[in-house]
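Asks: One structure coming up, written as structure tokens, with questions to follow.
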Amino acid sequence: MEDDKRQYLLLHYPSGHFDFAKGHIEPGETETMTLMRETEEEAGIGDLKVFPKRTNIRYFYVAKGNEREKRLKDNKAIWIFKQVHFYPAQTEMRDIRISHEHIGSVWLPYEEALAKVTFDNAKRVLTEAEMYLRSQGK
């Protein structure tokens, strides 16, 4: 935290939106292991304290571009159901190393992060994390 004020890391994706680090669970991984691996891969952060609060997001989207072409070629549906689990986590690191998947990053306090995240689902995740951390006196 900077000046004892909680900040949230948002990653800038090439499509233009700001969101959290995330990724697919690998065989043999727990959700927490995936969170640790993806945060290390996408932001270079390896010292996470993960809190037990989980926010679940479920949605459908239509595959576009290369993903759409591959799914059509493989005779798969272009409507995709996605389920994502988010956990708040804490780190002392501020100097991050973004991966090739992102074009930038920013640390912001809650209100600014809420205005910056693009999607309603991300706003919900952020709000639930903030409410949980406040309730825990964090």
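Laboratory data are not the source of any read-out in this text; all were calculated from the coordinates shown. Computed from a prediction, not measured in an experiment: that's the story for all the values here. Reconstructed Cβ throughout: ideal geometry from the backbone, glycine too, with neighbour counts over all protein chains shown.
Asks: Taking the chain as a Gaussian network, where each spring joins two C-alpha atoms under 10 Å apart, which residue of 82, 64, 22 fluctuates the most?
Replies: 64
Asks: Grab the other residues whose beta carbon is less than 14 angstrom from that of residue 57, score K and R as +1, D and E as -1, and report the net. The partial results should precede the final answer.
Replies: Numbers: positive: 22, 53, 54, 58, 82, 123, 124; negative: 19, 31, 120, 128.
So the environment of residue 57 carries a net charge of +3.
Asks: Hand me the chymotrypsin sites (Phe, Trp or Tyr not before Pro) from the stretch 52-138 located in a DSSP loop with no more than 14 other Cβ atoms within 10 Å, in residue order please. Intermediate values should be presented prior to the final figure.
Replies: Values: sites: 59, 60, 61, 79, 81, 86, 107, 110, 119, 132; in loops: 119.
Listed in order of number, the matching sites are 119.
Asks: Give me the net charge for the shell around residue 71: Cβ to Cβ below 14 angstrom, other residues only, Lys and Arg +1, Asp and Glu -1.
Replies: Overall, the nearby charge balance is +3.
Asks: Can you compute the charge dipole magnitude of the chain about its Cα centre, using +1 on each Lys and Arg Cβ and -1 on each Asp and Glu Cβ, nothing else charged? Give it in debye, rounded to the nearest 20. It would help to have the intermediate numbers written out before the result.
Replies: Values: 22 positive and 23 negative charges, 136 e Å.
For the chain, the charge dipole is close to 660 debye.
Asks: With a point put 7 Å past each Cα toward its Cβ, work out how far residue 92 is from residue 60 in nm, to one decimal.
Replies: About 4.8 nm, to one decimal.
Asks: Given the -39500 (n - 2.57) contribution per DSSP H run of 4+ residues, what per-residue ellipticity at 222 nm results for the chain, rounded to the nearest 500 deg cm²/dmol?
Replies: Working: 4 runs with 45 residues, N = 138.
Helices in the chain give a 222 nm mean residue ellipticity of -10000 deg cm²/dmol.
Asks: Any idea how far the Cα center of the stretch 95-114 sits from the one of the stretch 33-74, in Å?
Replies: Here the two parts' Cα centres lie 16 Å apart.
Asks: Say we join alpha carbon atoms closer than 10 Å with springs in a Gaussian network model of the chain; which of 65, 23, 46 then has the biggest fluctuation?
Replies: With Cα springs under 10 Å in the chain, the top fluctuation among 65, 23, 46 is at 65.
Asks: Are there any GluC sites (Glu not before Pro) in the stretch 62-100 that are in a DSSP loop and have at most 12 other Cβ atoms within 10 Å? List them by number.
Replies: Numbers: sites: 67, 69, 92; in loops: 92.
Passing both the DSSP loop test and the Cβ count: 92.
Asks: Here's another thing I want to ask about it. Candidates (i) 57, 31, 31; (ii) 43, 36, 28; (iii) 53, 29, 26; which is the computed Cα extents along the principal axes in Å?
Replies: Identified label for the calculated read-out: (iii).
Asks: Name the residue farthest towards the positive end of the dipole of the chain from the options 78, 102, 21, assuming +1 on Cβ of Lys and Arg, -1 on Cβ of Asp and Glu, about the Cα centre.
Replies: Result: 78, furthest along the dipole toward the positive end.
Asks: Among 66, 121, 56, which one shows the highest mean-square fluctuation when the chain is modelled as a Gaussian network with alpha-carbon springs under 10 Å?
Replies: It is 66.
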